[in-house]
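Please read the structure below before turning to the comments.
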């Protein structure tokens, strides 16, 4: 064997030895990682874990969402993970304070004894663990404030005596619970991003900017912040100032829920909007869901107002009448012979709500009584030969495009035209009274709002301002379309028609002697398996009030009401219109600017023109501001005697309170805090209550009491 062969042979031996050593090392690593359950394996695993330094996201505090009066609709509350570096304190301080720390931890967490917590901390120090997670439950901000006074956590203590770590996390909180839940939206628990509603629509503004910091990954995956690392500070999110009024929202949800429960309806919505500005004061959406026990209840899980497209039914007849009036093709007093029976046109059967015709009507009465046959005859006289012209008016009325509200999820309306697939000889007929189209409640409300606004179309708005602290970032001024949707003369005639519906037509039972309502009922048959089904309806009422000087427009929708114990009609006039009236009554009573000012009087408080009951603190304030000497000398709820003096009024929690003589605001406070659902009739102060004052009974949640105001 020569020298070259010897070198090759020795190299081969070295190679085989290295391979064997590498295999042994790999086997040892696998054994330590997966098979050694003894202390030695645990020791090495913990040593490896303790050496991992990673980058970690420090989440920014999410911006708040406010109502129009500044009250919070959604906010982020901090919670804190509590940990401790037991090696940081000097021995004498540690031994002196560790028992006290164990006692305090046991008091705040209530899941272990003081000795258990003391042993956890002592054991961690013995093992020289530089971080121990004291409990998986996060503490609140109030609990954190207490902890900052504890041993090991006091910020005033010397560095050698500290070691406590409180790491913040932010959780979303809705102070009004489920109120306007679908409009406000919610977050993805894992990512912290908005899923729906305003939370999703304004995600970039609300979220702020996260930062990156260093953490030391300890055994068990526990992450300990590295305080001396180059952390960046997160930038907090911006705040949204919405147009929602929590009082109107509560009124809308209460009235809607009551009617849905009464008729066992599938779903419904209510939108209240300010006519001049387009600012939405309330947007309620409720859907019936079944519980595991077979019962059903209503929740906000879908925004029907924004995304619920459907045939609008007879509310669409307003657009038809306005198109005819714009062309000066009809006179409101012209005679229309609808006959007594159903009519057929190109194979389509057309009937009124009574199953036949409605006899001789004027064009005005065709609208007030919502005659399908009359609408068809008026359309046939002019637009059946000009379908493109009719569709042009629908575009001019802003009914073929989304409103453009600054919120994700608005559905695109589907309104047929002769160029679309599926257009037939009867499409124009069906469209004239609200079929063969898909439009959302918000889009229909924006159209009616424009009529109330003398033809000026205003974009609906939910967020008025975006701020970063006190700095104004975005100010959403009302957007008014540059061109009116119709001539002023047409808008005024349309207003007459809508007022006539409430005075003489299908909604005359909601006419109010104290303020004027204008609006239109709409009842559309629902499509089941491709066919319109009799007895299954989509009902709505759209209008505005006061009719002589419109301030608010509103739509109330009830989808698929059921007969159940209700033996009356399932049409919109009986189902949806009362919701409109109930909400409007309460708004008029609440909004003092909508009521005529009272003349000043010097009569004594016992007279019929002055307040006869109220809360003493409020009366003191009124007396002071108005320079009135006769103010109550007692506290709490008070009422006047016949001779004009004040006396206390009993408000026992186990009795039905006496709310007669109180303003509606005070009456609602007393009754709703006892679990009553309150129905209101009229306006002014409470004159009568349906359940006698002082009645002794268990006040179950949801019990109904009716107040008559005057």
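The numbers here are math on the coordinates, done by the rules we state, and not lab data. What you are looking at is a predicted structure, and each value in this text was computed from that prediction instead of being measured. Counting neighbours? That spans all protein chains shown, and the Cβs are built from the backbone with ideal geometry, glycine included.
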Length released on extending from residue 142 to residue 592, taking residue separation times 0.36 nm less the Cα-Cα span: 158.0 nm
FRET E, pair residue 103, residue 188, Förster distance 30 Å, beta-carbon r, rounded to 0.05: 0.15
Förster-model FRET efficiency, 51 Å R0, residue 695 and residue 126, C-beta, rounded to 0.05: 0.15
Cα Rg, Dmax (largest Cα-Cα span) when computed across region 317-456, Å: 15.4, 48
Label-point separation in nm, residue 295 to residue 533, each point 7 Å along Cα→Cβ: 2.7
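If packing is taken as the average number of other Cβ atoms within 10 Å across a peptide's residues, how do 85-98, 441-454 rank, most packed first?
Values: 85-98: 16.6, 441-454: 25.4.
Ranked from most to least packed, the peptides come out as 441-454, 85-98.
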For region 302-403: relative contact order, % (alpha-carbon pairs under 8 angstrom, 6 or more apart): 25
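For residue 18 and residue 360 in one chain, what is 0.36 nm times their gap in residues minus the Cα-Cα distance, to one decimal in nm?
Numbers: separation 342, 0.36 × 342 = 123.12 nm, distance 10.76 nm.
Using 0.36 nm per residue and subtracting the Cα-Cα distance, I get 112.4 nm.
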Potential lengthening between residue 549 and residue 438 on full extension [0.36 nm per residue; Cα-Cα distance subtracted]: 36.9 nm
Spin-label pair residue 329/residue 31, simplified geometry with 7 Å Cα→Cβ offset, distance in nm: 9.4
Sites residue 654 and residue 135 - FRET efficiency at Förster radius 56 Å, r taken between beta-carbons, to 0.05: 0.85
Zone of residue 401's modelled label, taken as backbone nitrogen in region 265-304 under 15 Å from a point 7 Å along Cα→Cβ: none
